[in-house]
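Quick note: the coordinates plus some simple rules give every number you see, no bench work behind them. If you're wondering where the values come from, they're calculated on a predicted model, not measured in any experiment. Note that each Cβ is placed from the backbone with ideal geometry, even for glycine, and that neighbours are counted across all protein chains shown.
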Amino acid sequence: GRGYADDHNATAASDTLLINEQSRLLETQGRRIIKFGFGQSPFPVFAPAVETLAEHAADKAYLPVQGMAELRESVAAFHRHMDGTDWRAERVLIAPGSKLLLFALMKALPRAEVLIPAPAWVSYVPQAKLAGQPAVRLETSFDSRWLVTPAQLDRHCREHGPGLRLLILNAPGNPTGLSYAPEMQRELAAVAKRHGVLVLSDEIYGPLDHRGEHRPFARDYPEGTLTTSGLSKWCGAGGWRLGVMNVPEALGDELLTRLLGIASETWSSVTSPVQAAAITAYSVTLALEMYLDAQRQWLSMIGQWCAQRLEATGIRTHAPDGGFYLFPDFGAYREALRARGITTSAELTAALLEEAGIALLPGSAFGCEPTQLTARLAYVDFDGAALLVRPCPDDPEAAMAAP
Ligand code: PLP
């Protein structure tokens, strides 16, 4: 691992902004853009939760900093039921989005090295920097399924000696859509435990594992794993701003107290109507199971289809495990693209938008080397995906090279 350059977040933010701005510009010119750039849930919010929200519109009381007790009970029961983990209501913290919980944790730790895989979700590195923690990059590859390997973590800890470390994991992953196989996860957990590495497991896409078989990291490392999730993805309610975190009992009261201190001095609590609605969302019912199951089937179908179409045109990608992203590698076209002056993932996504009307985000936005020709495809624009139903070109290389 090595440190992140200071311009990392500036570059990532500008790449993403550029694609979004260009998409809007092309649309005002009447172009139909297939929007695989934004990573927002395409599904409606769970209807019973919307009803509860409406019923509680007049709630006005400030709520406890840690979150309503009844909500924390529901959240703990939900995770015990869905994941087979031992969440406890007293150790659950509710916040306006899991994003704030990630930041609060980084802020709450005394100087800790934050190990961040590359590629990874865009906010981890800027958050570590804002929190004043050194961010260390753990480079992954297509061949490792974009996962940190047990040997890699072991090597890093041996080479850099003792000290407090926080490893950030995210499965199913953004931008990759991939998860650890159980055996590899057990090995990684064993290495983390051996070196006393704390793990922040961002499992916001967990309930959207396509086969409903999400394996929480806490199952393999309960004493050292802080897990985050929330309503943004599986409940389709990103704008409601509700995230949850489980702080293992084994980590003692000091860390939880510090987190509550940060919560108290910053966000105070999540809005009262949203907490009431979240109690409904987190109550395990047949309706909820059907809502989740329908999303998984739909996402699996479209994700698998997109992956197959990419493979058919020579663009390698992994079939998705969960969530709504693919992370294809256009390396097979490197020479053809170079002949057209395209050498970076940002140039590639700009050309795909301009010429094919398909918006993707460049791999560089997620911390990949700029010349690695990767991109994130968020298969959440279902109407757009339908427009891609057409025969494969006979000669994909020629189609790609065509002006
Ligand atoms: N973590 C990952 C990997 C995400 O993709 C997102 C959403 O964009 C978040 C965290 C933030 O979630 P929240 O809306 O709970 O703050």
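With an a/c value of 1.5 or above and a/b not larger than b/c for the gyration tensor axes a ≥ b ≥ c computed over the alpha-carbon atoms, the stretch 58-108 is described as oblate.
Placing a pseudo-label 7 Å from each Cα along the Cα-to-Cβ vector at ALA312 and ARG32 gives an inter-label distance of 1.8 nm. Helical content of the chain, expressed as a calculated mean residue ellipticity at 222 nm, amounts to -12500 deg cm²/dmol (DSSP H runs of 4 or more residues, -39,500 (n - 2.57) each, divided by residue number, nearest 500). Residue separation of ASP253 and ARG194 scaled by 0.36 nm, minus their Cα-Cα distance, works out to 19.0 nm of gained length. Counted residue by residue at 0.36 nm each, then reduced by the alpha carbon distance between them, the extension gain from GLU355 to ARG88 reaches 90.9 nm.
Note on ARG340 and SER123: the model spin-label points, each 7 Å out from Cα along the C-beta direction, lie 3.5 nm apart.
Size of the stretch 230-293: Rg and Dmax of its alpha carbons, in Å, are 14.4, 40.
The mean of 1/r over all pairs of different alpha-carbon atoms in the chain, once inverted, gives a Kirkwood hydrodynamic radius of 21.9 Å. With a/c under 1.5 counting as rounded, go ahead and sort the stretch 116-183 into rounded, prolate or oblate using the C-alpha gyration tensor (a ≥ b ≥ c being the square roots of the eigenvalues; past the cut-off, prolate if a/b is larger than b/c, else oblate). It comes out oblate by the Cα gyration axes. Of the candidates GLU311, GLU213, GLU27, which one comes out as most mobile in a Gaussian network treatment of the chain with C-alpha springs shorter than 10 Å? With Cα springs under 10 Å in the chain, the top fluctuation among GLU311, GLU213, GLU27 is at GLU27.
At 0.36 nm per residue, and after removing the present C-alpha to C-alpha distance, how many nm does the segment from GLU21 to PHE382 gain when stretched out fully? Using 0.36 nm per residue and subtracting the Cα-Cα distance, I get 127.8 nm. Here r is the Cβ-Cβ distance between ALA61 and ARG111 and R0 is 56 Å; the resulting FRET efficiency, rounded to 0.05, is 0.90. Taking the chain as the region of interest, the number of lysine pairs whose Cα atoms are within less than 30 Å, with members eight or more places apart or on different chains, is 15.
Given the options THR225, THR52, THR266, which has the most mean-square fluctuation in a GNM of the chain, springs set between C-alpha atoms less than 10 angstrom apart? The residue that fluctuates most here is THR266. List the trypsin sites (Lys or Arg not before Pro) within the stretch 194-259 that DSSP assigns to loop and that have no more than 16 neighbouring Cβ atoms inside 10 Å. Those that pass, being in a loop and sparsely packed, are ARG211. Judged by the gyration tensor of its Cα atoms, with axes a ≥ b ≥ c, the stretch 23-178 is oblate; a/c meets the 1.5 cut and b/c is at least as large as a/b. Springs join every pair of Cα atoms under 10 Å in this Gaussian network model of the chain, and among GLY30, GLY132, GLY173 the largest mean-square fluctuation is at GLY30.
For the stretch 34-42, putting each phi into the Karplus relation 6.51 cos²θ - 1.76 cosθ + 1.60 with θ = phi - 60° gives couplings of 8, 8, 9, x, 5, x, 10, 4, x Hz, in residue order, rounded to whole numbers and with x for Gly and Pro.
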